[in-house]
Amino acid sequence: MEMRQILQRMLNHEALTRQETHDILVGITKNEFPNEQITALLTGLQMRGVTVDELLGLRDGILETGLAAKLDCDRYIDVVGTGGDQKNTFNISTCSCFVIAGAGYKVAKHGNYAATSVSGASNIVEAHGVHFYADIDQLNRSINECGIVYLHAQLFAKAMKFVGPIRKALAFPTCFNLLGPIVNPSQPQCQLLGVANLDQMRLYSNVYQKIGIDYGIVNSIDGYDEISLTGDFKVATNFYERVFKPEDLGFHHADPSMLFGGSTPAEAKKIFDNVLQDKADPMQKEVVIANAAFGIQVLEKGKDIHECIDIAKESIESGKAYQTLKKFIEINA
């Protein structure tokens, strides 16, 4: 592939095909292009806006050149946020995963270290003494014995290291920031995704429709990439698209200060554990229940959300969510 021709087409505002961006990604992993050309490509895509097919092609390339995680269970979910909302909330998505697993569902959580907050998914998991694995037998043991497995992104998406220095040098996000939520190496059949704005919601809705999975995409209107309960939030799924108010679901309006993830990883861990032990502030608990409930609704193909809320609430209050965490640590330490 001749990158000069690709860049000329970018200057002419032409879209690339899914196959072309796949080939570019594979070429990057083979060191076929100089950094200057990759930088120009990423800048051009960011200025113009990446298309659905371009994003899918990059996803195809990352999954092809990475390490797969073939799990031997039929239906499971990933709960993840795009990140970058600059809110530094506690680990709501990861906490929700343990609530969902505690309710008897299967979860394959994909994540990484924090980029813009004190504690990312990998930080909070590691803080519990857990080691990261790519061994398929270990991964299957985890999801089968405790209902949840953690997939640390750096062990699987090998292509990311080739663009890491370029992304770090650039002073703006690139299309690679959009790829994290859709390159789970186990390729789950279900996903709940939190996005920071409605443009991203439209983009990912089209992406998921082409991938062909059951999905829920959530956005808090005030800019959180999860259901924050600090105000109205929008949900888009295979089945409906709707704006909710917290009180529509029996929740209180949350004070943003109660969602703060702490100033240190230790503080983030304490909040996380308190939620799963049902010792947290009621606002923190409700936020996790809300996100877990919409994840359960995706798994259950549109079950009434009030039923899903009851399931998530019971997972915490019965102690099942915390027992799931303890078992997960025992298996993966």
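The values are calculated or read from the model by the stated rules, or taken from the named source; none is laboratory data. Predicted, not measured: the structure shown is a model, and the values here were computed from it. Neighbour counts run over all protein chains shown; Cβ positions are idealised from the backbone, glycine included. For the accessible areas, the whole protein counts, side chains as well, though only heavy atoms, and no ligand, DNA or RNA atoms are used. Shrake-Rupley method; radii C 1.70, N 1.55, O 1.52, S 1.80 Å.
A few comments on the model shown:
- Along each principal axis, Cα extent of the range 237-283, largest first, Å: 39, 23, 20
- Within the accessible surface of the range 1-128, defined with a 1.4 Å probe on protein heavy atoms only, the carbon and sulfur portion equals 46 percent.
- When Rg and Dmax are taken over the Cα atoms of the range 238-333, they come to 14.6, 41 Å.
- Relative packing of peptides 64-71, 232-239 - highest average C-beta neighbours within 10 Å first: 232-239, 64-71
- Take the range 160-297 with all the other protein chains still there, run a 1.4 Å probe, and you get 40 Å² of accessible area per residue.
- C-alpha long axis of helix 92-102 to longest principal axis of the chain, angle in °: 60 degrees
- For the chain, convex hull of alpha carbons as volume per residue, Å³: 121 Å³
- A protection proxy built from the mean count of other Cβ atoms within 10 Å ranks the segments 9-22, 91-104, most packed first, as 91-104, 9-22.
- Placing one equal scatterer on every Cα of the range 1-133 and applying the Debye formula, the log10 ratio I(q)/I(0) at q = 0.09, 0.15 Å⁻¹ is -0.39, -0.93.
- Considering only VAL149, ASN35, HIS128, the residue lying farthest towards the positive end of the dipole of the chain is ASN35, judged by Cα position with unit charges set on Cβ.
- Cα gyration tensor, the range 130-227 - rounded (a/c under 1.5), prolate or oblate: oblate
- For the chain, built as a Gaussian network whose Cα springs stay under 10 Å, the top-fluctuating residue of LEU139, LEU198, LEU249: LEU249
- DSSP beta bridges in the chain [antiparallel fraction, %, rounded to 5]: 40 percent
- Dimensions of the range 172-302 from C-alpha coordinates, computed as largest minus smallest value along each principal axis and given longest first, are 41, 34, 28 Å.
- Kirkwood-type radius of the range 176-238, with distances r between different C-alpha atoms, in Å: 11.9 Å
- Global dimensions of the range 1-65 from alpha-carbon coordinates: Rg and Dmax equal 10.7, 30 Å.
- Each Cα pair under 8 Å and six or more residues apart adds its sequence gap; the mean of these over the residue count of the range 1-75 is a relative contact order of 45 percent.
- For the chain, the longest principal axis of the C-alpha atoms and the axis of helix 320-332 are separated by about 50°.
- For the chain, the longest principal axis of the alpha carbon atoms and the long axis of helix 282-299 meet at an angle near 60°.
- Multiplying the residue separation of LYS301 and VAL243 by 0.36 nm and subtracting their alpha-carbon distance yields 19.0 nm.
- The share of C-alpha pairs in the range 122-185 whose separation exceeds 17 Å stands at 53 percent.
- Take the range 24-122 with all the other protein chains still there, run a 1.4 Å probe, and you get 36 Å² of accessible area per residue.
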